[in-house]
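The block underneath contains the structure these notes are about, expressed in structure tokens.
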Amino acid sequence: MTTESEDSESMEEQRTPKIPVWDLPDLPTGKLPPHLELQRTRVLCTFDAPTHTEKIQSSGAYASMGVDNSMQFEEFRNKFRVEVIRLTEDDLEVDMIGIDASLANAFRRILIAELPTMAIEKVLVANNTSVIQDEVLAHRLGLIPLKVDPRLFDYISENDEPNEKNTIVFKLHVRCERGSARIKVKSDELKWLPKGSEFVLNSEKSTADSTSKTKTYTSFSCSQDSLPEFSNNPIAPKHDDIIIAKLGPGQEIELEAHAVKGMGKVHAKWSPVATTWYRMLPEVVLLQDIEDEKAEELVKKCPVKVFDIEDIGKGRKKATVARPRSCTLCRECIRGDDWDKYVSLRRVKDHFIFTIESTGALPPEELFVEAVKILEDKCMRVISELS
Ligand code: SF4
């Protein structure tokens, strides 16, 4: 009778066959034995939990086998590749090959928190008789993605005057007439004011020539639509069907919304991505041939159709791994009986499938390039500080 721990040890051996120590060469060969190479380069996904998840990056880790496992810049440069898998208006999927998880994660964090966009920061409410409180309304407006290139604007600080280089002004004025049906106020009601705010801050009367000078909440020196970058490219919300509020008969909203440049680390409304994430490349390996009924059983087990059936003649069939990239690691294929002796689930440690979903301010491919520039700047800063 075997104990539970003996069982799990023998299962581990099945997945990563160990080489007896007396079979190892006496002299360092400069190459790792297959089981160590597998553990170095792959996360092994067993039924209970993934194992060998750590990335070993040390010159001494395999020194006794004559293998220098330290980070080598030349090697990184030769191995690193970026392959575009899918590019649409809203999202981008790229494979980043030959990098460490820490770099992939740095890249993800830059995309979420350090790439600036323009978002509504200040809302001046002249009238709001809807059921939505001013604060909630302002919060909703802040989260509406704006289709404008943030690189064309400056950051505004507390003491700066809002001008045409640091502020975008929209107005929203909607009324639901008495006797009519309820209406939805959507983001297309936000109208860009290229000349800046229309709300009067104060008005000064000059006694000399009896003219009055009106001051508004912004100080634009020119109209933004006279600038070449906006003349044929009016600023507007990215989507015109985002519901802001619902108005009943007799209700009205009148406000001005001022958008400024900011970063996602201050508030999520400035994040240029709806989300961005990565996962390691899945690798599904058949440890032995799976034929006939067992092959059909395996195909049925996988909810995302990773496996296929191949006809091997004489009415016999064999299971093949057709779409390993689709594997979600649900582990259904190794559930029950001794299925883990047939199928091995792995993840490639230095191959990341990276997805960027843009909110619309910048196309996803430009977000990728901008994030690379920020990462480069950060590296240069660290290098200059160290030197
Ligand atoms: S882990 Fe799930 S998704 Fe992946 S191959 Fe097995 S059954 Fe399919």
**OP:** Look through region 204-240, keep the residues that are among the charged types (D, E, K, R) and in a strand (DSSP E or B), and return whichever of them is modelled with the highest pLDDT.
**Re:** K215
Original post:
If V148 passes every condition in (1) surrounded by fewer than 20 Cβ atoms within 10 Å (Cβ to Cβ); (2) of a type in the set (A, V, I, L, M, F, W, C); (3) within 30 Å of K378 (Cα to Cα) but one, which one does it miss?
Top reply: (1)
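Can you name every residue in region 281-328 that is more than 15 Å from the ligand (Cβ to nearest atom) and at positive phi?
Filtering region 281-328 down to residues more than 15 Å from the ligand (Cβ to nearest atom) leaves 288-289, 291-293, 310-318.
Matches in region 281-328: D292, G313, K314, G315.
Report whether or not R381 is more than 18 Å from V299 (Cβ to Cβ), crowded, with 18+ Cβ neighbours inside 10 Å and basic (K, R). Working first, answer last.
On the way: more than 18 Å from V299 (Cβ to Cβ): yes; crowded, with 18+ Cβ neighbours inside 10 Å: no; basic (K, R): yes.
Against the criterion (more than 18 Å from V299 (Cβ to Cβ), crowded, with 18+ Cβ neighbours inside 10 Å and basic (K, R)), R381 does not qualify.
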Original post:
Which residue out of D308, D337 is of a type in the set (D, E), farther than 19 Å from V82 by Cβ and touching a helix residue (DSSP H, G or I) at 6+ places or on another chain (Cβ under 8 Å)?
Top reply: D308
**OP:** Would you please name the residue that is nearest to A113 (Cα to Cα), looking only at residues in region 241-254 that are in contact (Cβ under 8 Å) with a residue 60 or more places away in the chain and outside any strand (DSSP E or B)?
**Re:** I242
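Condition (residue is within 13 Å of the ligand (Cβ to nearest atom), in contact (Cβ under 8 Å) with a residue 60 or more places away in the chain and not hydroxyl-bearing (S, T, Y)) applied to region 266-277: is it met by at least one residue?
We begin by selecting, within region 266-277, every residue within 13 Å of the ligand (Cβ to nearest atom); these are none.
No: zero hits.
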**OP:** Give the residue that is farthest from the ligand (Cβ to nearest atom), with candidates limited to residues of region 43-62 that are under 18 Å from V285 (Cβ atoms) and of a type outside the set (V, I, T).
**Re:** H52
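Filter region 182-197 down to residues that are loosely packed, with under 15 Cβ neighbours inside 10 Å and touching a residue at least 40 places away in the same chain (Cβ under 8 Å) and give me whichever is nearest to T218 (Cα to Cα). Let's see the steps before the verdict.
Going residue by residue through region 182-197, those that are loosely packed, with under 15 Cβ neighbours inside 10 Å are 182, 184, 188, 191.
From what is left, the residues that are touching a residue at least 40 places away in the same chain (Cβ under 8 Å) are 182, 184, 188.
On the way: R182: 34, K184: 29, D188: 23 Å.
Residue satisfying both the conditions and the ranking: D188.
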**OP:** Report yes if some residue within region 323-342 is buried (at least 20 other Cβ atoms within 10 Å of the Cβ) and small (G, A, S); otherwise report no.
**Re:** no
Original post:
With respect to the numbered conditions (1) without any contact (Cβ under 8 Å) to a residue 60 or more places away in the chain; (2) more than 27 Å from the chain's Cα centre (by Cα), which one is the sole condition not fulfilled by H139?
Top reply: (2)
Original post:
How many residues, within region 255-304, are part of a strand (DSSP E or B), within 23 Å of the chain's Cα centre (by Cα) and of a type outside the set (G, A, S)?
Top reply: 12
Subject >> Every residue from region 329-363 that is more than 14 Å from the ligand (Cβ to nearest atom), of a type in the set (D, E, K, R) and not in a strand (DSSP E or B) >> reply: D337, D338, K341
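What are the residues in region 151-181 that are among the hydroxyl-bearing types (S, T, Y) and surrounded by fewer than 12 Cβ atoms within 10 Å (Cβ to Cβ), if any?
Going through region 151-181, the residues among the hydroxyl-bearing types (S, T, Y) turn out to be 155, 157, 167, 180.
The one that is among the hydroxyl-bearing types (S, T, Y) and surrounded by fewer than 12 Cβ atoms within 10 Å (Cβ to Cβ): S157.
The values are calculated or read from the model by the stated rules, or taken from the named source; none is laboratory data. The structure presented is a predicted model; accordingly, all values stated were derived computationally and were not measured. FYI the Cβ positions are ideal-geometry reconstructions off the backbone, even for glycines, and counts take in every protein chain you see.
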